[in-house]
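*Asks:* Sending over a structure as structure tokens; questions will come in a sec.
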Amino acid sequence: MAERMTFEEIERSFPGEWVVVRDFVPDDSKMIRDGVLVGHTSDRAEAHRLLGTFEGGFAIWWTGPFSHDFCGHLHLYTKHG
Amino acid sequence: MGSLPFTSDDGLVRVPVLVWGCGRELSSLSFVVDTGTPRTLLDVGAAANLGFNSERAVRRSRVRTAVGSEEGYIVVVSRLRSLGWERGTFEIACHQLAATAQVDGLLGADFFAGLVLTVNYAAGTVDLAEPAPAASPG
């Protein structure tokens, strides 16, 4: 049976990875208070694929630091027309 | 609500955002606070997993970047919450973020409209609050 983990336990266990969690308890300051780990991966596309393997709400986040070319990835300087 | 810690030590303000999906209940995603983008933006992959796709778009969206422009679409989420504040019937633009992006969206200026956003880099905290009432004359 899948184990419920706290945010701190997940961050400590899977540094520098995408994590996907279900049945989570929300928290305003952290991604979640706790939840059931669905999977963890260094590949963002794989993390998105995991989201499709179950129904219901999910939490997804990256546990590592940002890369130096992060701004370019995100289109941080945008205008919408 | 008081100041909240942001989870980045490299200057970018990463915060959790709760989104009520379409046919999928509450989900929690990681966004970067970006007052330089006028509209809150969500990655299309994450949007699809929330039940939003181009068929649910209310109109098209285009972002212009240093290397060109890209088409996306705008959807309306019933509720979106972050930093202790909630917006209802809120429009977000869905665009493809690079595969190597380490968040799933940008929390744009439209979310902060009418409020006071305070980022304290020294303390590593961020706060979103109502503006102080104007002082009465005299």
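*Asks:* Out of the residues in region A:10-44 meeting the condition of being small (Gly, Ala, Ser) and part of a strand (DSSP E or B), tell me which one is nearest to the chain's Cα centre (by Cα).
*Replies:* That would be A:Gly39.
*Asks:* Select from region A:1-51 the residues that are touching a residue at least 40 places away in the same chain (Cβ under 8 Å) and of a type in the set (A, V, I, L, M, F, W, C) and write down the one among them that is surrounded by the fewest Cβ atoms within 10 Å (Cβ to Cβ).
*Replies:* A:Phe14
*Asks:* Within region B:15-27, which residues are at the interface with chain A (Cβ under 8 Å from one of its Cβ atoms) and either touching a Lys or Arg at 6+ places or on another chain (Cβ under 6 Å) or touching a residue at least 12 places away in the same chain (Cβ under 8 Å) (or both)?
*Replies:* If the condition is that a residue be at the interface with chain A (Cβ under 8 Å from one of its Cβ atoms) and either touching a Lys or Arg at 6+ places or on another chain (Cβ under 6 Å) or touching a residue at least 12 places away in the same chain (Cβ under 8 Å) (or both), then B:Pro16, B:Leu18, B:Gly21, B:Arg24, B:Ser27 are the ones that fit.
*Asks:* Checking B:Ala134 against (1) of a type in the set (A, V, I, L, M); (2) assigned to a loop (DSSP other than H, G, I, E, B); (3) closer than 14 Å to B:Pro16 by Cα: exactly one of these is not met. Which one?
*Replies:* (3)
*Asks:* Hey, another quick one. Could you tell me whether any residue of region B:106-122 is within 12 Å of chain A (Cβ to nearest Cβ), touching a residue at least 12 places away in the same chain (Cβ under 8 Å) and under 18 Å from B:Thr7 (Cβ atoms)?
*Replies:* Within region B:106-122, one or more residues are within 12 Å of chain A (Cβ to nearest Cβ), touching a residue at least 12 places away in the same chain (Cβ under 8 Å) and under 18 Å from B:Thr7 (Cβ atoms).
*Asks:* Looking at the structure I just gave you, is B:Ala48 part of a loop (DSSP other than H, G, I, E, B), closer than 19 Å to B:Leu29 by Cβ and within 11 Å of another protein chain (Cβ to nearest Cβ)?
*Replies:* For B:Ala48, the condition - part of a loop (DSSP other than H, G, I, E, B), closer than 19 Å to B:Leu29 by Cβ and within 11 Å of another protein chain (Cβ to nearest Cβ) - is not met.
*Asks:* Related question: Read through the list (1) surrounded by fewer than 20 Cβ atoms within 10 Å (Cβ to Cβ); (2) at the interface with chain A (Cβ under 9 Å from one of its Cβ atoms); (3) outside any strand (DSSP E or B), then give the number of the only condition that B:Arg62 fails.
*Replies:* (3)
*Asks:* Moving on to the next point. Would you mind finding the one in B:Leu83, B:Leu42 that is touching a Cys at 6+ places or on another chain (Cβ under 7 Å) and surrounded by 14 or more Cβ atoms within 10 Å (Cβ to Cβ)?
*Replies:* B:Leu42
A short reminder: the numbers here are calculations on the coordinates, not readings from a lab. Keep in mind that what you see is a predicted model, and the values were worked out from it rather than measured. Note that we place each Cβ from the backbone using ideal geometry, even for glycine, and neighbour counts take in every protein chain shown.
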